[in-house]
Each structure stands twice: as C-alpha cells, then as structure tokens.
Amino acid sequence: MASTVGIVNAALIKLGEATITSLSEGAKPARLAHAVFDELRDSVIQAHPWNFALARAELAADATAPVWGYANAYPLPSSPDYCLRVLRLEDSEAEWKVEGRRILTDAGAPLRILYLRRVTDPNESSALFREALAARLAAELAEPLKQSSSMAEAMRLLYERKLAEARTADAQEGT
C-alpha cells in the first residue's frame, strides 16, 4: 500500500539517506520533506492532466459578478476536490480566465468544467506518478541534505525522465 512516507523514503534512498518512519520525526530529512511535500505533490499534479486527478464539476455563478470584462464569475471547487488547474469548459466556446479562485466568463450557469483536483491519497495515483514525485522530492532535498548542486541536477534530470515515462503511460489510458 502506497503512502506519503513511502514516497519520501523513495526520494531519500535516491539520495543515499536513511529512511524515516514518519514525517513528524525530528530528523532533518523528515522535517524538510514535511515542509515541501504538499506543494511538490500539487506541482507535479499540475504538470500534466493525470487521469487519476481529473474531476468534473458543474458550477453555479457567484452572486458577485466581475466589475468589468466578463458577465459571470464562478468559484472554483474547493472541497472536497480542491481545484489545482482548470483544463477546459464543457459545452461552451466562451472565453474564460481564472483570476484568484474564480473563473471569469460570459458563459451562463451552470458552468461545466474539467479540472485537476488535489489528490492526497497516494493510492489513488499510479506507481509511475509516485516514482516521478519521489524523483522531484529528491531533487528538492538534494541541496539541503547533500550540499551538492550536482546531485540536485542529477535528481532533476531523473525527475524529467520519470515524469516523461509517467506521462506516456497515463496518456495511453483512453482514446
């Protein structure tokens, strides 16, 4: 069963570091991983329209319309499926723009969107995504843990390879 600690340990192993048992440990690797993990997970999700992170929503218009430029504003989903990135509007050719946590558009309600949601349970993601995330985490932790810019660069290149591999597999799931 996949876990956040498992992903962190995969990153630490890539760096030649000892593994941890919890992100709340006092050890430096655990403290650093705890500080950056959520942001890095979200950024790797935002990097590709992963099938496991896709969500659909039908949004009601906000009572407060934009001051100018568009007729309607729609609040982005926040709970339980926090919107990380809007991919497209369904059934609408209207122009749109995300400002803050709202979509501005002239399209009428309800607004149907396809978006990337925050996925906090590693078991919902693919093994290849978790490998890419571990490589991204290793790249982030290399400098503070190893004081090595060359190690950080090697981990960044590993991340790019793992990300490409995961994207390719993800793109093959569907027509």
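The values are calculated or read from the model by the stated rules, or taken from the named source; none is laboratory data. The model shown is predicted, which means the values in this text are computed figures rather than measured ones. Every residue, glycine among them, receives a Cβ derived from its backbone with ideal geometry; neighbour counts consider all protein chains shown. These area figures cover heavy atoms from the full protein model, side chains too; ligands, DNA and RNA do not enter into them. Shrake-Rupley method; radii C 1.70, N 1.55, O 1.52, S 1.80 Å.
VAL98 meets each of the listed conditions (1) on the phi < 0 side of the Ramachandran plot; (2) not in a strand (DSSP E or B) apart from (2). Pairing residues of region 51-77 that are more than 12 Å from ARG102 (Cβ to Cβ) and free of Cβ contacts under 8 Å to residues at least 40 places away in the same chain with residues that are outside any strand (DSSP E or B) and open to solvent by 40 Å² or more (accessible area, probe 1.4 Å), at Cβ distances under 7 Å and at least 6 apart in sequence or on separate chains, gives ALA71/ALA65; ALA71/ASP106. For region 1-37, residues that are small (Gly, Ala, Ser), more than 18 Å from the chain's Cα centre (by Cα) and more than 21 Å from GLU160 (Cβ to Cβ) total 6.
If you go through region 38-58 and keep only what is open to solvent by 30 Å² or more (accessible area, probe 1.4 Å), under 23 Å from PRO75 (Cβ atoms) and under 13 Å from the mean Cα position of the chain (by Cα), you end up with ASP38, GLU39, SER43, GLN46, PRO49, LEU54. Scan region 35-56 and tell me whether some residue there is in contact with a Pro (Cβ under 7 Å, 6 or more places away or on another chain), more than 14 Å from LEU114 (Cα to Cα) and modelled with pLDDT of 95 or more. No - not one qualifying residue is present in region 35-56. Once region 118-166 is narrowed to residues that are open to solvent by 40 Å² or more (accessible area, probe 1.4 Å) and not in a helix (DSSP H, G or I), the residue that is farthest from GLY6 (Cα to Cα) is GLN147.
Does region 71-78 contain at least one residue that is modelled with pLDDT of 95 or more, touching a helix residue (DSSP H, G or I) at 6+ places or on another chain (Cβ under 6 Å) and assigned to a loop (DSSP other than H, G, I, E, B)? The answer is no; no qualifying residue exists. For region 79-97, the count of residues that are surrounded by fewer than 15 Cβ atoms within 10 Å (Cβ to Cβ), of a type in the set (S, T, N, Q), out of contact with any His (no Cβ under 9 Å at 6 or more places or on another chain) and modelled with pLDDT under 95 is at least one. Would you say ARG112 is closer than 25 Å to ARG41 by Cα and among the charged types (D, E, K, R)? Spelling it out, it is not the case that ARG112 is closer than 25 Å to ARG41 by Cα and among the charged types (D, E, K, R). From the list ALA61, ALA35, the lone residue that is exposed (fewer than 15 other Cβ atoms within 10 Å of the Cβ) and out of contact with any His (no Cβ under 6 Å at 6 or more places or on another chain) is ALA35. In region 101-113, the residues that are closer than 11 Å to LEU89 by Cα and in contact (Cβ under 8 Å) with a residue 40 or more places away in the chain reach residues that are of a type outside the set (Gly, Ala, Ser) and not in a strand (DSSP E or B) with C-beta atoms within less than 7 angstrom, at least six apart or across chains, in these pairs: ILE103/LEU76; ARG112/GLU90; ARG112/ASP91; ILE113/GLU90. Checking each residue in region 3-18 for being open to solvent by 40 Å² or more (accessible area, probe 1.4 Å) and not in a helix (DSSP H, G or I) picks out SER3, GLY16, GLU17, ALA18.
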